[in-house]
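The values are calculated or read from the model by the stated rules, or taken from the named source; none is laboratory data. If you're wondering where the values come from, they're calculated on a predicted model, not measured in any experiment. With ideal geometry, Cβ positions are generated from the backbone for all residues, glycine too; neighbour counts draw on all protein chains shown.
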Amino acid sequence: MGGGAEEQPRLVPDVRVRRLRLDSEDDKTLCEGFDCGQEEWEHQVSDFIIRKIWLPGRDPEHTLVAIEAEAGALLGFGAWKHQTVELPQRPEPVAVVRVCYFGVALEFKGAVDADGHKWASRLYSTLEDDARAHESSTPDMPFELFCDRRNERGLRFWTSEARAFEVIGPGALELLRLVRVPPT
Ligand SMILES: CC(C)(COP(=O)(O)OP(=O)(O)OC[C@H]1O[C@@H](n2cnc3c(N)ncnc32)[C@H](O)[C@@H]1OP(=O)(O)O)[C@@H](O)C(=O)NCCC(=O)NCCS
């Protein structure tokens, strides 16, 4: 194909994933300046971790931050919460894990660990483990998220074999609704 040189993914050997501390000024500082891109949908993700999550009086999402060990920079984050929603072919509303916001900073997009695994993928796995381990979660609980239809990279990320979300319909405006029901 092509003949141009393939760009090597950035190697980031060590990343720590932990819960965001909303009572920590250090964590607020960590999130300042997070930038996962200038597209509208990217801006919304950055705005969440810079500003929205810190607003008083909110019922906060469960938020995990991935911190690159060398410089202590915020590589990415993911936020989830339980939500009761209607799903096609389900007579009653069901509880789901909604992945509310998920993003990797521009400079770390595509970054891999020493074994070549994408950090975005590892961060999502950790988020999913965190959600599953919650006392209010059940093993068959679907995961749900909304993704802008113009967000090709995001859609590819969610629908890849590793995560296997499926588009089940439109959401508001430009959004698509994606769901993954764990195999029983
Ligand atoms: C979505 C996101 C978390 C994925 O993290 P990442 O580190 O970029 O992940 P990857 O590099 O594995 O990219 C995801 C897929 O898009 C592909 N991709 C890379 N650049 C692309 C581009 N410009 N256009 C479309 N697809 C692209 C990758 O090859 C990969 O596909 P593959 O799994 O088939 O190899 C990250 O890009 C991001 O934070 N985007 C902005 C915020 C966002 O969109 N969040 C999700 C909202 S629903």
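Just one of the numbered conditions (1) touching a residue at least 60 places away in the same chain (Cβ under 8 Å); (2) more than 8 Å from the ligand (Cβ to nearest atom); (3) touching an Asp or Glu at 6+ places or on another chain (Cβ under 9 Å) is not true of residue 110; which one?
Checking residue 110 against (1) touching a residue at least 60 places away in the same chain (Cβ under 8 Å); (2) more than 8 Å from the ligand (Cβ to nearest atom); (3) touching an Asp or Glu at 6+ places or on another chain (Cβ under 9 Å), the one that fails is (2).
Checking residue 136 against (1) exposed (fewer than 12 other Cβ atoms within 10 Å of the Cβ); (2) outside any loop (DSSP other than H, G, I, E, B), which single condition isn't satisfied?
That leaves (2) as the condition not met.
Okay, residues lined up against (1) within 8 Å of the ligand (Cβ to nearest atom); (2) of a type in the set (Asp, Glu); (3) assigned to a loop (DSSP other than H, G, I, E, B); (4) more than 18 Å from residue 43 (Cβ to Cβ):
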{"site": "146", "(1), (2), (3), (4)": "yes, no, no, no"}
{"site": "150", "(1), (2), (3), (4)": "no, no, yes, no"}
{"site": "157", "(1), (2), (3), (4)": "yes, no, no, no"}
{"site": "168", "(1), (2), (3), (4)": "no, no, no, yes"}
{"site": "183", "(1), (2), (3), (4)": "no, no, yes, yes"}
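Quick check on region 41-55. Is at least one of its residues within 15 Å of the ligand (Cβ to nearest atom), in a strand (DSSP E or B) and in contact with a helix residue (DSSP H, G or I) (Cβ under 7 Å, 6 or more places away or on another chain)?
no
Report yes if some residue within region 122-136 is within 13 Å of the ligand (Cβ to nearest atom) and among the acidic types (Asp, Glu); otherwise report no.
Looking for residues that are within 13 Å of the ligand (Cβ to nearest atom) and among the acidic types (Asp, Glu), one finds none in region 122-136, hence no.
Determine the pairs where a residue that is more than 14 Å from residue 63 (Cα to Cα), located within region 28-47, has a partner that is outside any loop (DSSP other than H, G, I, E, B) and more than 10 Å from the ligand (Cβ to nearest atom) with Cβ atoms under 8 Å apart, the partner being 6 or more residues away or on another chain.
Sorted first by the residue in region 28-47, then by its partner, the pairs are 32/50; 33/50; 34/49; 34/50; 34/74.
Can you spot a residue in region 91-100 that is near the ligand (Cβ under 9 Å from one of its atoms) and closer than 28 Å to residue 32 by Cα?
Yes.
Give region 129-155 a look and list any residue that's within 25 Å of residue 68 (Cβ to Cβ) and out of contact with any strand residue (DSSP E or B) (no Cβ under 7 Å at 6 or more places or on another chain), or say none.
Hits for region 129-155 are 129, 133, 151, 153.
Which one of these does residue 3 not meet: (1) modelled with pLDDT under 95; (2) within 14 Å of the chain's Cα centre (by Cα)?
Evaluating residue 3 over (1) modelled with pLDDT under 95; (2) within 14 Å of the chain's Cα centre (by Cα) leaves (2) as the failure.
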